[in-house]
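Take a look at the structure below.
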Amino acid sequence: MPGHLVNACYDPSRNDITFPAAILQAPFYSLKQTDSENFGGIGAVIAHEITHGFDNNGAQFDEFGNLKNWWQDSDYKEFKRLTQAMIDEFNGRDFAGGKVNGKLIVSENIADLGGMAAALATAQQDEDVDLRAFFTNWGRIWRQKDRPEYAQLLLASDVHAPNYLRANVQPQNFDEWYATFDVQPGDGMYLDPARRVVIW
């Protein structure tokens with residue numbers, strides 16, 4: 001990837017993570033942002049890419065980039081159960097005049113969940129942590145404006161969830177989000193604890 005591209009990626013066959021220089025700017029990262037905002041931005045993105053090494057695709061490769069099963073059978077069976085829960089959480093949601101395909105976007109959703117979990121756990125080690133700023137910047141980094149036709153193209157072909165859903169669905173899996181914004185049963189974004197997906 002060129003240095004001016006705002007993106008990041010993980011390659012399981014090389015066990016390699018790339019962050020072009022351009023992503024190291026607001027809202028992902030800035031010296032003018034608080035640590036909590038940066039954890040909700042670049043911190044979650046870095047952890048997202050690391051998590052790809054253990055998502056449903058990365059889990060099939062060993063540390064040398066070889067396609068090899070290194071899991072214990074019982075662990076992998078449980079991981080597949082949790083992977084299905086992530087598919088179910090997004091599958092069939094209405095967006096851009098169509099329905100979300102949970103299977104198409106599962107690896108990126110697993111990485112979003114792991115990235116947010118790791119960044120949140122790290123942010124909470126800071127005595128000045130501001131979880132409102134953390135979750136707000138998580139939402140901010142997924143802002144996107146596009147024409148309906150482009151949104152429909154992405155819905156049909158992109159392995160990432162629509163940015164609107166990345167911003168709003170993943171936080172619903174974290175107890176800290178409910179406490180931070182006082183989300184209660186009956187609120188539109190409330191998700192019953194039994195339906196919240198926790199993989200790591």
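All of the numbers you see were taken from the coordinates with simple rules; none came from a lab. No experiment lies behind these values; they were computed from the predicted model shown. Cβ atoms come from the backbone with ideal geometry, glycine included; neighbour counts cover every protein chain shown.
Once the chain from Ala26 to Gln144 is taken as fully extended at 0.36 nm per residue, the excess over their C-alpha distance is 41.0 nm.
Per residue, the convex hull spanned by the Cα atoms of the chain measures out at 136 cubic angstrom.
How about the range 102-175: which GluC sites (Glu not before Pro) there are in a DSSP loop, with at most 11 other Cβ atoms within 10 Å of their Cβ? Walk me through the intermediate numbers first.
Numbers: sites: Glu108, Glu127, Glu149; in loops: Glu127.
Answer by residue number: Glu127.
Using the Cβ-Cβ distance between Asp16 and Gln184 with R0 set to 45 Å, the FRET efficiency works out to roughly 0.55. Taking a Cβ cut-off of under 9 Å around Ala123, the surrounding Lys, Arg, Asp and Glu residues balance to a net charge of -3, with basic ones at +1 and acidic ones at -1.
So if each residue of separation counts as 0.36 nm, and I subtract the Cα-Cα distance between Gln124 and Cys9, what length gain in nm does that give?
Length gained, Gln124 through Cys9: 38.8 nm.
If R0 is taken as 35 Å, the Cβ-Cβ distance between Asp62 and Thr136 corresponds to a FRET efficiency of 0.40. About its Cα centre, the dipole of the range 1-147 is roughly 660 debye, where the only charges are +1 on Lys and Arg Cβ and -1 on Asp and Glu Cβ.
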